[in-house]
1. Would you please give the residues with an amide H less than 5 Å from that of A:Gly341, counting only those at least 5 places away or on a separate chain, with H modeled from the backbone geometry?
2. Determine ³J(HN,Hα), in whole Hz, for all residues of segment A:570-576 in sequence, where each value follows from phi through the Karplus function 6.51 cos²θ - 1.76 cosθ + 1.60 and θ = phi - 60°; x replaces Gly and Pro.
3. What is the Cα centroid distance between segment B:69-107 and segment A:351-400, reported in whole angstrom?
4. Starting from the Kirkwood Rh over alpha-carbon pairs, what translational D in µm² s⁻¹ does segment A:40-113 have by Stokes-Einstein at 37 °C and 0.692 mPa s?
5. Each residue of segment A:216-225 in turn: what ³J(HN,Hα) in whole Hz from Karplus with 6.51, -1.76, 1.60 and θ = phi - 60°, glycine and Pro shown as x?
6. Just how far, in whole angstrom, is segment A:28-54 from segment A:288-309 if you go by their alpha carbon centroids?
7. If you count, for every residue in A:527-536, the Cβ atoms of partner chains within 10 Å of its Cβ, what is the mean?
8. Can you tell me the relative contact order of chain A? Whole percent, Cα pairs under 8 Å, sequence separation 6 or more.
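Read-outs: derived from the displayed coordinates by stated rules, not from any lab. All figures in this text were calculated on a predicted structure; none of them were measured in a lab. Cβ: placed from backbone, ideal geometry, glycine included. Neighbour counts: every protein chain shown.
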Amino acid sequence: MKALTTFTALALTAGLTLSLVAKQTPAAPPVYTTAQATAGQAAYSANCASCHQATLVGQNEAPALAGPNFMTTWRGRTTKDLVEYMSATMPPGKPSLGEAEYLNITAFILQANGAAAGAQALLAATATAIGTIATGQRAAAPPAPAAPGGAIPVSRAPVAPPPPRGLSVRSEVKNYVPVTDAMLRNPDPGDWLMARRTYQAWSYSPLAEITRGNVKDLKLAWSWAMTEAGANQPMPLVHNGIMYLTNTLNMVQAIDAASGELLWENQVGPNAVVGSFASMRNIAIYQDKIFLSTTDAHLVALDARNGKVVWNTTVADVTKGYYQTSGPIVVRGKVIQGLQGCDRFRANERCFISAYDSSTGKLLWKFHTVARNGEPGGDTWGTLPDNMRAGGDTWIVGSYDPDLDLIYYGIAQAKPWMPASRGTKVSDAALYTGSTVALRAEDGSLAWHYQHIPGETLDQDEVFERVLIDNGPEKALFTIGKAGILWKLERRTGKFLGYKHTVFQNMFEKIDPEKGTPTYRQDIIDQKLDEWLTVCPSTEGGHNWQAMTYHQPTNQLIIPLSQSCMEISARKVEFVEGSGGTAAARRFFEMPGSDGNVGKLLAIDLATMKETWSIQQRAAYLTAALSTAGGVVFIGDLDRYFRAHDVRTGEVLWQARLNTAVQGFPVTFTANGKQYVAVTTGTGGGSPRVVPRTITPEINPPSSGHTLYVFELPKK
Amino acid sequence: MTRRFILLAALLVAASVATPGAQSRQYRARLSPVPLDVAMQATVAGSGSVTATLKGNTLTISGTFTGLRTAATVARVHRSPKTAMRGTPIGDLTSTQDTAGTISGSLELTNQQVDDLAAGRLYVKLHSQKAPDGNLWGWLLVQEGKK
């Protein structure tokens with residue numbers, strides 16, 4: 001009751017402030033015309049809406065451009081500041097619009113925040129304080145939300161009209177062999193049947209035709225241009241010589257993996273960017289179906305033979321901001337799917353992991369990642385009422401232990417990012433955010449959880465891959481989050497077994513050696529709205545979605561890492577339905593001691609938990625690491641290099657410079673008895689692209705060029 | 001061989017006893033932009049490096065910088081609560097008043113500041129005309145293997 005009263009007082013105070021703001025009568029005369037705002041809406045739809053949303057509410061790292069959350073940031077700054085900021089930074093990576101377009105978009109944003117239009121056109125020199133003309137409250141009706149298919153690609157390059165939806169190439173995979181549970185559990189060495197290849201998420205292949213000795217001869221076998229829109233970060237699947245490739249805009253293709261010949265193609269749709277980053281990192285295969293998670297939060301089963309839609313299930317409501325950037329894992333006939341876009345306050349909804357019948361698409365179970373009052377963990381959110389508890393996204397596919405029949409997922413942080421914004425204290429753990437959860441495959445019930453960072457407060461996701469490794473009787477689970485701490489858990493019970501720092505961090509004063517619980521710096525605990533905290537690592541993470549690999553023959557984990565720091569400041573949010581977001585401003589800088597090297601590749605001997613080798617480079621790594629029985633580890637970077645390293649020493653054995661940033665999940669497979677290595681290039685993404693763009697601006701890969709490359713050894 | 005090693009060791013010990021306080025320690029800082037967003041790149045840019053030698057309590061710093069958008073104004077040594085946190089200035093340095101040039105100076109540190117230096121809590125910050133709150137900074141970190 002006391003908790004509720006406290007929050008009510010907070011909400012009332014916020015509401016009073018907002019109502020005062022809303023009642024403020026703009027003192028300054030209008031600074032833009034209706035014509036500018038109308039033109040600005042069209043320009044906004046074409047260039048901004050895919051990230052900031054058609055309703056200007058923002059999403060993930062794209063802040064709100066209308067309403068109280070926008071006014072908090074911009075009230076005291078001028079229209080000139082806003083025009084200059086957009087002109088210098090938007091669209092991300094390639095500010096390329098004309099002055100008139102930036103002015104028009106500014107006019108549209110002002111209109112959306114209640115500023116009145118007039119006879120005076122907005123000029124680049126106009127420097128009127130936004131708080132004197134806008135209230136954050138729209139006077140007229142808001143612009144109609146775009147239909148899921150109505151958003152516009154974020155790619156800055158000229159983009160060809162999207163292809164029509166549905167099957168655009170119709171052929172048949174001959175002699176298709178259904179994928180069984182036994183195959184998923186023990187895949188053919190030449191296949192790549194799921195994210196990170198095996199249930200244990202090793203990103204390791206037993207193939208050994210390509211070795212340390214001959215990898216220097218690797219050459220291009222074939223390449224394939226991919227859809228240009230959104231963020232390209234995919235992991236192809238390969239089964240029996242057929243590659244299944246997910247493109248942005250929710251397209252799946254079946255390709256002869258040896259020749260590069262297209263067999264079928266289905267533009268499932270929506271054929272437009274939906275969601276902040278509009279990437280899809282993985283698809284899944286089981287029996288005779290390919291499972292695609294779409295960016296508008298559907299789960300679709302395609303016939304693996306011909307690409308026809310078998311069933312299409314809605315996972316969550318895209319109009320409420322839900323979307324997906326990672327696909328499913330299939331466990332004994334159940335298609336397990338995570339969810340993203342959970343950063344909004346919703347009265348009747350919250351984030352979840354869900355399971356569907358692979359034959360029919362019928363929902364089988366849900367596990368909610370945000371605990372509510374009356375549930376276990378429901379008392380860990382301080383005074384927040386249930387409808388103001390947000391976050392807990394699951395944007396990386398989990399792993400599975402068939403013997404224990406447990407599914408392991410990482411849960412992202414609470415939203416907004418910082419407790420000063422979200423109305424909690426750092427001491428409020430906010431379960432199950434920042435945790436590993438072990439779910440029983442049969443019903444999705446929680447077997448155990450381990451919270452890596454209780455009350456996480458600096459966008460330090462602990463959502464990434466869970467790698468399952470046995471060492472004698474020890475059954476371990478390894479994971480690493482943005483804080484760059486490699487965690488080791490016992491995967492039957494969730495017991496903490498150990499940790500290791502992999503990059504410099506200064507956010508934690510100490511980590512409990514027995515339980516692994518970190519203690520934040522005092523100034524982080526005492527954080528206040530609009531105060532800057534200077535911390536390492538940044539939101540780029542010591543580690544991010546670029547998954548590590550477990551090289552079994554040498555018992556090493558090889559981990560892609562990044563080295564950057566940030567200042568972060570909590571912004572005020574409105575505690576009303578649909579509000580929320582990430583609500584923080586950030587500035588980035590090089591990590592001390594890194595010598596300006598953002599990219600780091602680290603090998604750790606699991607017998608000793610000590611570093612075997614590491615290499616550092618200026619360019620950030622943007623692919624997962626792939627290791628093979630041939631003693632090679634493959635990885636790609638922002639500076640367009642795809643390299644093979646000696647798994648024992650890190651020595652560069654081979655490299656190729658590709659058309660744009662090498663981004664995605666490299667895989668290796670056999671077709672017609674021969675080993676190939678495939679990797680994608682791509683644009684787009686969140687902090688792993690935003691931070692390097694800021695602190696390594698001299699590295700400028702092209703802003704288009706989504707491509708799949710397949711390499712092979714020369715014919716003997 | 002053994003006799004020669006013993007003689008060398010004796011000479012090193014004798015040299016250290018004969019010149020108390022003469023040992024020095026080398027530090028280095030890579031100078032890079034202060035925390036920035038993309039919009040700030042119009043005024044905040046550049047790079048550089050400094051080396052610092054601590055002899056007794058005297059810290060002598062020299063280095064170079066380049067690539068500033070506007071001319072450098074002042075350079076200072078700061079003390080931060082932890083590596084990579086902002087802190088307060090503890091001494092001034094001299095810098096070229098240009099977009100490229102040199103930084104140099106000497107500070108007499110307190111014993112606490114010597115400890116701060118060893119712990120990576122001292123940093124150099126260079127300001128410029130259009131980045132008056134700071135343009136480049138870098139933490140003085142010990143150069144391993146060099147004493």
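1. Here the answer is A:Tyr323, since their amide H atoms fall under 5 Å of that of A:Gly341.
2. Using θ = phi - 60°, the values come out as 6, 10, 6, 10, 8, 8, 9 Hz.
3. Cα centres, segment B:69-107 to segment A:351-400: 50 Å.
4. 270
5. 4, 8, 4, 9, 5, 8, 6, 9, 8, 6
6. Using only Cα atoms to place each centre, the spacing works out to 36 Å.
7. Per residue, the number of nearby Cβ atoms from other chains is 2 on average.
8. Details: 2001 pairs, mean separation 90.2, N = 716.
Result for chain A is 13 percent.
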